[in-house]
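Got a structure here, written out as structure tokens. Questions coming.
The values are calculated or read from the model by the stated rules, or taken from the named source; none is laboratory data. The structure presented is a predicted model; accordingly, all values stated were derived computationally and were not measured. Cβ placement follows ideal geometry from the backbone for every residue including glycine, while neighbour counts extend to all protein chains displayed.
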Amino acid sequence: MSVTFVRCLLVAVIVGPWAAQAADAADVVKVGTFNCEWLNRRRIYVKYGLPLKLTPQDDAIWNLREFRDEKFQEAARAVAAAIWEINADVIGLTEVGDETDVRDLRDLVKEAGLDYPFWAAARSSDTFTNQNVAVFSKRELTHILPELPGREGFDLELDDPENEDTTGVSKGMSVVFQAAGRPVNLYVLHLTSELGGHEKDAQRVAQASIVRRHYLKPMLRGEHVIITGDLNDARDQPTLRRIRGRDDIEEDLVQTAGATFHTRKVDETNESWNDRLRNHWTYEYAGRREQIDHVLVSPSVVEACTRENQRRQISINFMDLNQRFDNEARRVSDHRAVLLTLEFQE
């Protein structure tokens, strides 16, 4: 047996298993979205069941700074415990307060045992609710954009195209983090609510158009895109169609909780696809359950998380956190969290 052959054999024995492991290596990233339900100091009383416009008697109580801070800390501690339970690598938060509120929440999450060294708060222009959006991350954040620029027109009435208005995205931001060596453009959004009829519906679609225009730029450069947040519309509604790109000719975002994305086969628990789909909801109103909090991904994310056998390494989890972290004074949130686990192939 020659020395050269022995050396080759040793290399094969040592490198072979390592190469197999490297082929199966993946950069696992858990991306979440969670509506913290009125977790901002200026409007914290709404979280405790009071209306947005306080009576003079309630206003006198809640305007005491010490009392307001105490109630905020109480609620924020419960929300922090929920964020600890979600344990996302990167999580978009909606219905939070300004930068000070977000910093305090981040510190409470760290106190609970989960450190997010990287975080950012948006620059909200919503002076009515004072709500904001933010992102916590275990991965370094770059290219932080605290607000999304742009305006879009919309019709105030269906039968009067001359009656127009314009809107921006009042609660939205974007950041970039790295996954498997490639940039991921993460958007955290809270679009306008459904309260207000057609005008709000049209405004929400217009906001979706602004977001679509913004993320198309990095997506067309070949970068990954992930949209998270409370979009205040269900999977099959116009807002989701517009923000995904179903109304134009460019590539569409993928609805990660949709029927066309997941298998319809019955699994080992005998849970049918229809049963599983019924569990894909995040908000209940008047007895009706809908998914209005979403995590949407670009096709490049799906491709990067797909193995050679065409198996997608993507899983989604809807988490009801009130059952595990129930605050005596107030529930954690009236929304369920969404957690998407992505295994990017190295």
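Condition test on Glu95, is it within 15 Å of the chain's Cα centre (by Cα) and of a type in the set (Asp, Glu)?
Yes; evaluated as a whole, the condition is true for this residue.
If Glu140 meets every condition in (1) at pLDDT 95 or above; (2) under 23 Å from Thr33 (Cβ atoms); (3) over 19 Å from the mean Cα position of the chain (by Cα) apart from one, which number is that one?
Result: Glu140 passes all but (3).
Separate question: Out of (1) modelled with pLDDT of 95 or more; (2) surrounded by 20 or more Cβ atoms within 10 Å (Cβ to Cβ), the odd one out for Ala257 is which?
For Ala257, the exception is condition (1).
Within the stretch 131-164, track down each residue that is surrounded by 13 or more Cβ atoms within 10 Å (Cβ to Cβ) and hydrophobic (A, V, I, L, M, F, W, C).
Listed by number, the residues that qualify are Val133, Ala134, Val135, Phe136, Leu141, Ile144, Leu145, Leu148, Phe154, Leu156.
Separate question: When residues of the stretch 124-154 are filtered for being assigned to a loop (DSSP other than H, G, I, E, B) and polar (S, T, N, Q), how many remain? Steps first, please.
Here is the first cut: in the stretch 124-154, the ones assigned to a loop (DSSP other than H, G, I, E, B) are 124-131, 138-141, 146-151.
From the residues that got through so far, the ones that are polar (S, T, N, Q) too are 124-125, 127, 129-131.
Summing the residues that are assigned to a loop (DSSP other than H, G, I, E, B) and polar (S, T, N, Q) in the stretch 124-154 gives 6.
Identify the single condition in (1) among the aromatic types (Phe, Trp, Tyr); (2) farther than 23 Å from Asp233 by Cα; (3) out of contact with any helix residue (DSSP H, G or I) (no Cβ under 6 Å at 6 or more places or on another chain) that Trp119 does not satisfy, given that it satisfies every other one.
Exception for Trp119: condition (3).
Of the conditions (1) of a type in the set (D, E, K, R); (2) touching a residue at least 12 places away in the same chain (Cβ under 8 Å); (3) on the phi < 0 side of the Ramachandran plot, Glu95 satisfies every one except a single condition; which number is it?
Every listed condition holds for Glu95 apart from (3).
For the subset of the stretch 87-109 comprising residues that are over 25 Å from Ile316 (Cα atoms) and out of contact with any helix residue (DSSP H, G or I) (no Cβ under 7 Å at 6 or more places or on another chain), which member is surrounded by the most Cβ atoms within 10 Å (Cβ to Cβ)?
Top of the filtered list is Val102.
Could you grab me the full set of residues in the stretch 67-92 that are aromatic (Phe, Trp, Tyr) and under 16 Å from Val135 (Cα atoms)? Lay out the reasoning, then the answer.
So the first thing to find is which residues in the stretch 67-92 are aromatic (Phe, Trp, Tyr), and the list is 67, 72, 84.
The one that is aromatic (Phe, Trp, Tyr) and under 16 Å from Val135 (Cα atoms): Trp84.
So which residues in the stretch 32-72 are farther than 20 Å from Glu284 by Cβ and among the β-branched types (Val, Ile, Thr)?
Ile44, Thr55, Ile61
Now a separate question. In this structure, does Leu277 turn out to be modelled with pLDDT of 95 or more and either in a strand (DSSP E or B) or more than 16 Å from Asp230 (Cβ to Cβ) (or both)?
Answer is no for this residue.
Residue by residue, here is whether (1) surrounded by 24 or more Cβ atoms within 10 Å (Cβ to Cβ); (2) out of contact with any strand residue (DSSP E or B) (no Cβ under 9 Å at 6 or more places or on another chain); (3) not aliphatic (A, V, I, L, M) holds:
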{"position": "Val176", "(1), (2), (3)": "no, no, no"}
{"position": "Val205", "(1), (2), (3)": "no, no, no"}
{"position": "Leu220", "(1), (2), (3)": "no, yes, no"}
{"position": "Asp230", "(1), (2), (3)": "yes, no, yes"}
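Further question on the same structure: Mind checking which helices (runs of 4 or more DSSP H) fall wholly inside the stretch 42-109 and carry at least 1 residues that are of a type in the set (Asp, Glu) and modelled with pLDDT of 95 or more?
Once the helices (runs of 4 or more DSSP H) in the stretch 42-109 are filtered for at least 1 residues that are of a type in the set (Asp, Glu) and modelled with pLDDT of 95 or more, what remains is 56-62, 65-86.
Further question on the same structure: Please specify each residue of the stretch 49-77 satisfying the condition of being touching a residue at least 12 places away in the same chain (Cβ under 8 Å) and touching a Leu at 6+ places or on another chain (Cβ under 9 Å).
Asp58, Trp62, Phe72, Gln73, Ala75, Ala76, Arg77
Search the stretch 182-195 for residues that are in contact (Cβ under 8 Å) with a residue 40 or more places away in the chain and pair each with any residue that is part of a loop (DSSP other than H, G, I, E, B) when their beta-carbon atoms are under 6 Å apart and the residues are at least 6 apart or on different chains.
The qualifying pairs are Pro183/Glu223; Asn185/Glu223; His190/Lys171; Leu191/Leu231; Leu191/Asn232.
Any residue in the stretch 125-151 that is touching a residue at least 60 places away in the same chain (Cβ under 8 Å) sitting within a Cβ distance under 6 Å of a residue that is small (Gly, Ala, Ser) and part of a loop (DSSP other than H, G, I, E, B)? List the pairs, counting only those 6 or more apart or interchain.
Qualifying pairs under 6 Å: Asn132/Gly97; Asn132/Ala122; Asn132/Ser124; Val133/Ala122.
Separate question: Would you be able to tell me the number of residues in the stretch 170-208 that are over 16 Å from the mean Cα position of the chain (by Cα) and in a loop (DSSP other than H, G, I, E, B)?
8
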